[in-house]
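Since every read-out is calculated from the coordinates, none of them should be taken as a lab result. Since the structure is predicted, the reported quantities are computational estimates derived from the model, not experimental observations. Note that each Cβ is placed from the backbone with ideal geometry, even for glycine, and that neighbours are counted across all protein chains shown.
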Amino acid sequence: MVKLRPGRAYRGYKLPYTRKSKYKTKNYIKIAQRPKLTQYHSGNTKKEFDSKVFLVSEKTLILRDNALEAARIVANKFLTDSITDQNFHIVVVSYPHHVLREHKLATGAGADRFSSGMQKSFGKPIGLAARLNAGTRIFEIHVDKNNLKAAKTAAFKMSKKLGIQTRVVVA
């Protein structure tokens, strides 16, 4: 199996490529994958909390869905261990709509015989990503005031998994 390319290969902000439809004639993307995000709400979804902590993007970029899922898992595990799962609510705000494409190139001896080079170089769908503008909220963490420090730490741990410039905003 081919190794996953690094996120910096897809980080540049490109034109959106998102046309998926349940009607076959209007569906420009033939093989639409499902996002790797398994949950968009974690923790206690029924309780009302006092304060919110937001993880906000500093730059305009594209962020892959596997990075969003890794950040969500890290924050969920940290908050469950430190303040239990009844005392927080994590919301994934940004949804990965953008379809990433890759034009596979053959390498090695004799690759020029069956490779077409840059002719027909549109590429095939390989994954999904979220398009983020500067100042866009990526995650929300809802907690009570006495658990605010743990929520800030969880947001900091999330930012390390994303690999982009972010800031933590408390509201």
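Evaluated with a Cβ-only charge set (Lys, Arg +1; Asp, Glu -1), the stretch 109-154 carries a dipole of roughly 40 debye about its Cα centre, given to the nearest 20. Sparse packing (at most 13 other Cβ atoms within 10 Å of the Cβ) combined with a DSSP loop state is found for the following chymotrypsin sites (Phe, Trp or Tyr not before Pro) in the stretch 86-140: PHE122. Helix 65-83 sits at what angle to the longest principal axis of the chain, using alpha carbons and giving 0 to 90 degrees rounded to 10? Helix 65-83 sits roughly 20 degrees off the main axis of the chain. Loop-resident trypsin sites (Lys or Arg not before Pro) (DSSP state other than H, G, I, E or B) in the stretch 69-111 with no more than 14 further Cβ atoms inside 10 Å of their Cβ: LYS104.
The chain has equivalent-ellipsoid semi-axes of 37, 17, 14 Å, by the square roots of 5 times the alpha carbon gyration tensor eigenvalues, sorted largest first.
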